[in-house]
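Structure record follows, encoded as structure tokens.
Computed from the coordinates by the stated procedures, all read-outs in this text should not be read as laboratory data. Here the structure is a predicted model, which means the values were calculated and not measured. Note that each Cβ is placed from the backbone with ideal geometry, even for glycine, and that neighbours are counted across all protein chains shown.
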Amino acid sequence: MLLTDPSAYGLLAAVIASGGGTLTGALTQPTDPAGLAQFTDLTISGTVGVRTLRFSASGGSTLQDLTSG
């Protein structure tokens with residue numbers, strides 16, 4: 001995920017916004033100087049179905065929602 005102003009965010013957090021299940025792995029990641037945060041070990045468990053993952057900055061603002069199913 002590329003941010004336009006990386007210094008404004010610091011840590012990013014991933015959560016399941018809709019669809020249920022359990023998200024495991026390193027749920028928070030720092031941004032690097034280029035504004036990138038890498039979530040390399042996220043795993044979703046639970047019933048198969050559509051889910052939306054939400055990525056938010058440490059200040060609470062939502063940066064992106066991703067839906068997959």
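Taking 0.36 nm per residue of separation and subtracting the Cα-Cα distance, what length does fully extending Leu42 through Ser18 add?
In short, 7.0 nm is gained.
Please list 3J(HN,Hα) in residue order for the range 30-38, calculated via the Karplus relation 6.51 cos²θ - 1.76 cosθ + 1.60 where θ = phi - 60°; whole Hz, with x for glycine and proline.
Once θ is set to phi - 60°, the couplings for the range 30-38 become x, 8, 8, x, 8, x, 9, 10, 10 Hz.
Residues in the range 9-24 near a label at Val50, defined as backbone nitrogen under 16 Å from the 7 Å Cα→Cβ point?
Only 17-21 pass the distance filter.
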